[in-house]
1. From the list A:Asp9, A:Asp56, pick out the single residue that is over 30 Å from A:Gly221 (Cβ atoms) and modelled with pLDDT under 95.
2. Working only within segment B:35-48, note down all residues that are more than 11 Å from the chain's Cα centre (by Cα) and more than 9 Å from ligand 2 (Cβ to nearest atom).
3. Confirm whether B:Pro184 is open to solvent by less than 20 Å² (accessible area, probe 1.4 Å) and in contact (Cβ under 8 Å) with a residue 12 or more places away in the chain.
4. Please name all residue pairs, on different chains or six or more residues apart, with Cβ atoms under 8 Å, provided the first residue is in segment B:1-28 and is under 18 Å from B:Asp59 (Cα atoms) and the second residue is within 16 Å of ligand 1 (Cβ to nearest atom) and among the hydroxyl-bearing types (Ser, Thr, Tyr).
5. With respect to the numbered conditions (1) touching a residue at least 60 places away in the same chain (Cβ under 8 Å); (2) within 20 Å of the chain's Cα centre (by Cα); (3) open to solvent by 30 Å² or more (accessible area, probe 1.4 Å), which one is the sole condition not fulfilled by A:Asn58?
6. Please determine, by comparing only the residues of segment A:184-196 that are without any contact (Cβ under 8 Å) to a residue 24 or more places away in the chain and more than 7 Å from chain B (Cβ to nearest Cβ), which one is nearest to the chain's Cα centre (by Cα).
7. Considering only residues of segment B:99-115 that are closer than 15 Å to A:Phe189 by Cβ and within 8 Å of chain A (Cβ to nearest Cβ), which is most open to solvent (accessible area, probe 1.4 Å)?
Amino acid sequence: MSLAPQVLDVASARPRIRPLRWVAGAVLLVLVAQFAWFLVTNPRFEWAVAGKYLFDPNILRGLGMSLLLTVIAMTLGSVLGVLLAAGRLSDFKPAAWACGVYVAVFRGIPPLVQLIFWFNLGYLLPRISLGVPFGPTFVSWPTNSVISSLTAAIIGLTLHEAAYMAEIVRAGILAVDGGQRDAARAMGFTARQSFVKVVLPQAMRVIVPPTGSQFISLLKGTSLVSVIAMADLLYSVQVIYNRTYEIVPLLIVACAWYLAVVTVLSLGQRRLEQHFGKGQR
Amino acid sequence: MSDAPVLRIRNVRKQFGDHVALDGVDLDVHEGEVVTVIGPSGSGKSTLVRCVHQLESIDGGAMYLDGELLGYEMRRGHLRPLPDRRLAAQRGRMGMVFQQFNLFAHWSVLRNVIEAQVTVHGRSPEEARKEALRLLERVGLSGKADAHPRMLSGGQQQRVAIARALATNPRIMLFDEPTSALDPELVDEVLSVVLDLARGGMTMIIVTHEMSFAREVADRCVFMEEGRVVETGTPKEIFDNPASPRLRAFLSRFSGRAAHISDERPLEEETTS
Ligand SMILES: Nc1ncnc2c1ncn2[C@@H]1O[C@H](COP(=O)(O)OP(=O)(O)O)[C@@H](O)[C@H]1O
Ligand SMILES: [Mg+2]
């Protein structure tokens, strides 16, 4: 038996029957409910304590320091990263080699190890001096007066970040069509003008998305500086819970702030990607 | 035409690894002269114009623009490559039009035509803007000044590229197959702009696979094969009376075919959205 074809209209079709999805949905619902129950009924979360500390001035100061470190290390690291990327792509082989070695070394050593290393630089190098290499010295300072936990944190995070940014920028530059560089040179732009005016702006489309992720991981990475007694967000909550033993609620405060900032940054990243994605191909 | 050539190419050699791309090329181009270069794919035509424009370095011979050695200078009895700044200045005195247009993708059409005038030739932005609008009108695109290159058809992009190259008053224009990446129906709008330039007295080297155009526009025609100039002469001599069997073989491949022929056409179709 067959229906007359003209009677059928797929617009009236019902959704596909997918029993597995019903099962999966039910399982998920149970898991979420169970977790929520755990969060709400477990008294050790001490939600009231977390709420009390959320806007504590010391914690806000720590948050501010984390943000400041992120911005400083990202800015310096990006500038250094662009220079390293340009160096690696240079036809001057020693520069390309040196920049390649830098990237390999600073990407290979865990940032936590680098931070501790810079913090203890005074042991290796008791004085920092300016002068002629192997010749006379003009000025010199004791290293421990120069390397505070702040400078150690900035140096460590920046050098680490620069290595990653160098790779990101290099990939971006390589993604720009060679014809663009030809055209820039043909118009009479110098090598630097071609790079700054034509190649780098077009590389941004490729550079921006991973840089956004990089910014977010750097923000989270700043929590490492707490080991060198730098008063960032994590260190600030540690100072408090070492005194009050309210470890879990204070860690929740830290998590809440990290999550909040990362969420805002992710939204910003999406906007930036849309901005740099247009205008090209 | 005056006596001293605008461009003088003397015994120029260029190698890519073991492969000899240019094998002793000689060519003079005089003021107002239009030279078309034809030859099979891989014969070194692109390499020749890229070398003239200093986008590739040469391995031997010498080239002169208005009597000035290109790419090198004599210092204390030795020839040395020019520093980047002066090389850029020499490039700025020539105009180049690429097969793939290569418009700056992140700038508007207008900015494409303005930028080099300001950064390389020190014109004021207002002056540069006026000149850019004048040139865009000349190539028939005054309405597209604020458009982005990707919004234009291939033919329109190539006309912008021509305006961009003209904006800095080049002594000589170099065209590397300006229509080979175009859909057939867009070829004529570009060729008519080039023809218009030729009538205006512009000194030009044009590499092309458009045989009837190569013949029509040229004062002189050059046939290249395997990195050498095999034959050179007036269009009449080259097309009606080819001396070498190789040129005859090359031309016979074109006779009876449609006007648009290129063996270097990219596989993908141009997107004109
Ligand atoms: N950048 C390059 N590297 C290596 N070989 C090249 C390069 N450019 C051109 N060639 C080679 O040089 C020869 C001449 O190329 P080209 O000048 O592009 O020829 P045409 O433009 O006449 O088709 C070809 O064999 C080509 O493969
Ligand atoms: Mg070619």
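The values are calculated or read from the model by the stated rules, or taken from the named source; none is laboratory data. Predicted, not measured: the structure shown is a model, and the values here were computed from it. Counting neighbours? That spans all protein chains shown, and the Cβs are built from the backbone with ideal geometry, glycine included. These area figures cover heavy atoms from the full protein model, side chains too; ligands, DNA and RNA do not enter into them. Shrake-Rupley method; radii C 1.70, N 1.55, O 1.52, S 1.80 Å.
1. Working: A:Asp56 fails: over 30 Å from A:Gly221 (Cβ atoms).
After applying the criteria, what remains is A:Asp9.
2. Within segment B:35-48, B:Ile38, B:Gly39, B:Pro40 qualify.
3. No; evaluated as a whole, the condition is false for this residue.
4. B:Lys14/B:Thr47; B:Ala21/B:Thr47; B:Leu22/B:Thr47; B:Leu27/B:Thr232
5. So A:Asn58 meets the others, but not (2).
6. Initially, segment A:184-196 is screened for residues without any contact (Cβ under 8 Å) to a residue 24 or more places away in the chain, giving A:184-194, A:196.
From what is left, the residues that are more than 7 Å from chain B (Cβ to nearest Cβ) are A:184, A:192, A:194, A:196.
Numbers: A:Ala184: 33, A:Arg192: 28, A:Ser194: 29, A:Val196: 24 Å.
Only one residue tops the list, namely A:Val196.
7. Within segment B:99-115, the subset closer than 15 Å to A:Phe189 by Cβ is B:102-104, B:106-107, B:111-115.
Next, from what is left, pick out any that are within 8 Å of chain A (Cβ to nearest Cβ): B:102-104, B:106, B:115.
Numbers: B:Asn102: 14, B:Leu103: 8, B:Phe104: 2, B:His106: 35, B:Glu115: 15 Å².
Checking each candidate, the answer is B:His106.
Conditions (1) over 28 Å from A:Val82 (Cβ atoms); (2) in a loop (DSSP other than H, G, I, E, B); (3) out of contact with any helix residue (DSSP H, G or I) (no Cβ under 9 Å at 6 or more places or on another chain); (4) open to solvent by 40 Å² or more (accessible area, probe 1.4 Å), marked per residue:
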| site | (1), (2), (3), (4) |
| --- | --- |
| A:Gly100 | no, no, no, no |
| A:Ala104 | no, no, no, yes |
| A:Gln114 | no, no, no, no |
| A:Phe117 | no, no, no, yes |
| A:Leu130 | no, no, yes, yes |
| A:Ser140 | yes, no, yes, yes |
| A:Ile155 | no, no, no, yes |
| A:His160 | no, no, no, no |
